[in-house]
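For reference, the structure discussed in these notes is given below.
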């Protein structure tokens, strides 16, 4: 079972070195408050280390993935994701069932062809803790483990 990681862009792109801009584009994090869900593999870990001063990330469970899909899941064309769309385009019957399969690596978000892979989130209620310090120092940047679920909840 592969762990799923949610990555949220926290800082903008003014005076960002080109290598970091390129890594953020590869991760599809082109704007602040955008989030993606990725698998935990060495390639992504290397990119996260490179962009650690611009994003925050942590492990997510099926419940958090389901919340993101329900609240912020978007189809190509701008329509919201619904259970009916899940039934029509996949073998799953509900968003929760699809999220559980994604969390357990039995399905992938890319399996749903018309689903946008980037979640456009609102700024967090209460604001970020500080976008120039790491999470361990009381800021918003870098690895935050399971605490990412609380941030995503504040942002949905």
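Readers should treat all values here as calculations from the given coordinates under stated rules, not as data from a laboratory. Given the structure is predicted, the values throughout are model-derived calculations rather than measurements. As a convention, Cβ positions derive from the backbone with ideal geometry for all residues, glycine included, and neighbour counts pool all protein chains shown.
Relative contact order for the stretch 41-145 using alpha-carbon pairs under 8 Å, separation at least 6, rounded to a whole percent?
Relative CO of the stretch 41-145 lands at 31 percent.
Of the candidates 65, 37, 20, which one comes out as most mobile in a Gaussian network treatment of the chain with C-alpha springs shorter than 10 Å?
20
Name the residue, out of 52, 91, 70, whose mean-square fluctuation peaks in a Gaussian network model built on the chain with Cα pairs under 10 Å.
91
Quick check: from the Cα gyration tensor, does the stretch 54-95 come out rounded (a/c under 1.5), prolate or oblate?
oblate
Within the stretch 60-78, which residues have the backbone N less than 15 Å from the label spot 7 Å out from residue 3 along Cα→beta-carbon, could you tell me?
Answer for this model: 60-62.
Quick one: 15, 88, fewest Cβ neighbours within 10 Å first, how do they rank?
Going from least to most buried by this count: 15, 88.
Roughly speaking, what is the centre-to-centre gap between the stretch 97-156 and the stretch 42-83 when only Cα atoms are used, to the nearest Å?
Here the answer is 5 Å between Cα centres.
Among rounded, prolate and oblate, which fits the stretch 65-152 when a ≥ b ≥ c are the square roots of the eigenvalues of its C-alpha gyration tensor, a/c under 1.5 means rounded, and a/b larger than b/c means prolate?
prolate
Which order do 114, 2 fall in if you start with the one that has the fewest other Cβ atoms within 10 Å?
The fewest-first ordering by Cβ neighbours comes to 2, 114.
Per residue, what volume in Å³ does the Cα convex hull of the chain take up?
About 107 Å³ per residue, rounded to a whole number.
Order by neighbour count: 117, 109, fewest other Cβ atoms within 10 Å first, most last.
117, 109
Running a GNM on the chain with Cα contacts under 10 Å, which residue among 75, 141, 29 ends up with the highest mean-square fluctuation?
So, out of 75, 141, 29, the one fluctuating most is 75.
Between residue 33 and residue 71, what is the label-to-label distance in nm when each label sits 7 Å out along the Cα-to-Cβ direction?
So the label points at residue 33 and residue 71 sit 1.3 nm apart.
Share of antiparallel DSSP beta bridges in the chain, in percent to the nearest 5?
85
Tell me the mean residue ellipticity at 222 nm calculated for the chain from its helices only (DSSP H runs of n ≥ 4, each -39500 (n - 2.57), averaged over every residue, nearest 500).
Counting only the DSSP helices, I get -9500 deg cm²/dmol.
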